[in-house]
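The values are calculated or read from the model by the stated rules, or taken from the named source; none is laboratory data. Predicted, not measured: the structure shown is a model, and the values here were computed from it. Cβ sites come from the backbone with ideal geometry, for glycine too, and all protein chains shown count toward neighbours. Keep in mind that these areas ignore ligands, DNA and RNA; they rest on the heavy atoms of the full protein, side chains included. Shrake-Rupley method; radii C 1.70, N 1.55, O 1.52, S 1.80 Å.
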Amino acid sequence: QVQLVESGGGLVQAGGSLRLSCAASGLTFSRYTLGWFRRAPGKEREFVAAISSGGSTYYADSVKGRFTSSRDNAKNTVYLQMNSLKPEDTAVYYCAAKLGGATILARAYDYWGQGTQVTVSA
């Protein structure tokens, strides 16, 4: 049974930082691309970042230069370091896993975590 469990969300002031973690179990972690998505209130889910099995990273334009995704295959964990946070980054953040290459398409991901809330105050 595959499980993805996000942690690290919280309340932060604009300009601050948070690091999200997503711990995976029940899969051969090193083979998977891990994606980060978010859903803000009243908005559609959107792609944030992805890191392939080979370590290549991809980012949405809205977070490029501020967010960094990394992975630790020994710990079966993927991270999202979020710096220079803005109020518009407020959302529930989800990690997701898929085999094969990275994509921004949420429907391509097979497994999802439950999400962690990030709130950025002005």
Hey, could you check the stretch 65-91 for residues that are under 10 Å from Val118 (Cβ atoms) and without any contact (Cβ under 8 Å) to a residue 60 or more places away in the chain and say which is most open to solvent (accessible area, probe 1.4 Å)? Thr90
Residues (modelled with pLDDT of 95 or more and aliphatic (A, V, I, L, M)) located in the stretch 90-103: Ala91, Val92, Ala96, Ala97, Leu99
Restricting to the stretch 72-122, name every residue that is among the hydrophobic types (A, V, I, L, M, F, W, C), in a loop (DSSP other than H, G, I, E, B) and closer than 16 Å to Arg31 by Cα. Ala74, Ala102
Arg107 is checked against (1) free of Cβ contacts under 8 Å to residues at least 60 places away in the same chain; (2) open to solvent by 70 Å² or more (accessible area, probe 1.4 Å); (3) within 12 Å of the chain's Cα centre (by Cα) and fails just one. What number does that condition carry? (3)
Limited to the stretch 28-53, what total is found for residues that are modelled with pLDDT of 95 or more, assigned to a loop (DSSP other than H, G, I, E, B) and open to solvent by 30 Å² or more (accessible area, probe 1.4 Å)? 4
